[in-house]
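Undergrad: Have a look at the structure that comes next, please.
The values are calculated or read from the model by the stated rules, or taken from the named source; none is laboratory data. Since this is a predicted model, take the numbers as computed values, not measurements. Backbone-built Cβ (ideal geometry, glycine too); neighbour counts: all protein chains shown. These area figures cover heavy atoms from the full protein model, side chains too; ligands, DNA and RNA do not enter into them. Shrake-Rupley method; radii C 1.70, N 1.55, O 1.52, S 1.80 Å.
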Amino acid sequence: MTLDPDTDLSFTCDLKAPRALIWECWTTPEHIMAFFVPKPHQVTACDLDLRIGGRFNSTFLVEGDEMHNRGVFLEIVPQRRLVFTDAFTEGWKPAPDPFLTSIVLLEDGKGGGTRYTAIARHRSPEARKRHEDMGFFGGWRMVAEQADALALELAGR
């Protein structure tokens, strides 16, 4: 995949948890609620229909403000690739003000862990810059670390 530096943000890191458990975290609503926004912010609701065109809806509580995110899955490759966007809602209804398309890539990593890549594709350089200024790198890294901690906790269940 070729990234466009004008509109795309991306980072890669190594997680300790195995790929199957990171995938489980990304595809289970109650798990998403535990990691999908950087703490101390919260996910207060999550509703998934894990199929292409299926919904990926979540509600965040950020500094006292409730944010509703509605979107759909564009691509699902079990335990390898998850692509979702807020450009459409369920039923392929176009969103009035889309922000991004997210791509999560999972590969086998060192020592049984996961090589984790998050990509955020934006409609314009301005939207990309806004996301970077909002803290994309720190925020998405924290989300990855929170998913890793949750997955390691699930491994011990």
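Undergrad: Would you pick out the residues in region 47-78 that are more than 26 Å from residue 135 (Cα to Cα), open to solvent by 60 Å² or more (accessible area, probe 1.4 Å) and over 14 Å from the mean Cα position of the chain (by Cα)? Write out each step before concluding.
TA: Within region 47-78, the subset more than 26 Å from residue 135 (Cα to Cα) is 49-54, 76-78.
Narrowing the set further to residues that are open to solvent by 60 Å² or more (accessible area, probe 1.4 Å) leaves 50-52, 78.
Correct list: 51, 52, 78.
Undergrad: Right, here's the next one. Among the residues of region 118-125, are any in contact (Cβ under 8 Å) with a residue 60 or more places away in the chain and basic (Lys, Arg)?
TA: Pass one, region 118-125, residues in contact (Cβ under 8 Å) with a residue 60 or more places away in the chain: 118-125.
From the residues that got through so far, the ones that are basic (Lys, Arg) too are 121, 123.
So far as region 118-125 goes, yes, one or more of its residues are in contact (Cβ under 8 Å) with a residue 60 or more places away in the chain and basic (Lys, Arg).
Undergrad: How many residues are within 12 Å of residue 11 (Cβ to Cβ) and surrounded by fewer than 20 Cβ atoms within 10 Å (Cβ to Cβ) if we restrict to region 119-134?
TA: Residues meeting the conditions: 2.
Undergrad: Here's something else I'd like to know. Would you check which residues across region 17-43 are part of a helix (DSSP H, G or I), charged (D, E, K, R) and in contact (Cβ under 8 Å) with a residue 60 or more places away in the chain and list them? Show your work before the answer.
TA: Initial filter on region 17-43 (part of a helix (DSSP H, G or I)): 19-27, 29-35.
The next check asks that each one be charged (D, E, K, R); those that pass are 19, 24, 30.
Passing the criteria: 19, 24.
Undergrad: Still on this structure, please answer the following. Which of the following residues is open to solvent by less than 40 Å² (accessible area, probe 1.4 Å) and either more than 21 Å from residue 142 (Cα to Cα) or within 13 Å of the chain's Cα centre (by Cα) (or both): 92, 23? Reasoning before the result, please.
TA: Numbers: 92 fails: open to solvent by less than 40 Å² (accessible area, probe 1.4 Å).
It is 23.
Undergrad: Looking at (1) under 29 Å from residue 155 (Cα atoms); (2) touching a Leu at 6+ places or on another chain (Cβ under 7 Å), can you tell me which one residue 86 breaks?
TA: (1)
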